[in-house]
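What follows is calculated from the coordinates using simple rules that are stated; it is not laboratory data. Since this is a predicted model, take the numbers as computed values, not measurements. In this analysis, Cβ positions are derived from the backbone assuming ideal geometry, glycine residues included, and neighbour counts consider all displayed protein chains.
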């Protein structure tokens with residue numbers, strides 16, 4: 001049973017390999033940064049969850065970009081990324097939007113709240129997601145809403 005939980009975290013419910021193909025060893029080989037013990041206990045870091053979400057969205061055919069915000073000390077000074085508060089993942093589909101990845105108890109920083117509010121005021125999709133399944137539902141919801149705008153039900 002633990003093997004199925006680990007697979008659900010990594011691949012999403014629809015993408016779980018057949019049980020005969022699945023083992024914690026194969027899961028850890030697919031994601032060497034995620035230990036089998038952490039996965040089997042259902043605990044992932046935000047980094048591990050973000051990677052699993054990006055992989056699942058990419059398999060579904062979405063264009064996904066990881067975004068680094070803030071600045072990092074490098075050999076000759078500082079490397080500047082996106083503005084502080086920028087969400088973790090940019091998803092490009094028939095629509096585009098941003099996903100902020102948080103683990104179960106993770107909270108938004110004040111800069112993230114400000115960024116999200118500003119983006120929404122411009123009509124940009126931005127959501128906090130806490131699982132692979134939640135991310136897939138969110139992005140597929142954006143796509144469905146866009147299709148509805150383009151092709152309203154009952155129009156022929």
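Key figures
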| item | result |
| --- | --- |
| Packing-based exposure ordering (other Cβ within 10 Å, fewest first) of 117, 55 | 117, 55 |
| Region 44-156: C-alpha gyration tensor shape, a/c 1.5 cut-off, then a/b vs b/c | prolate |
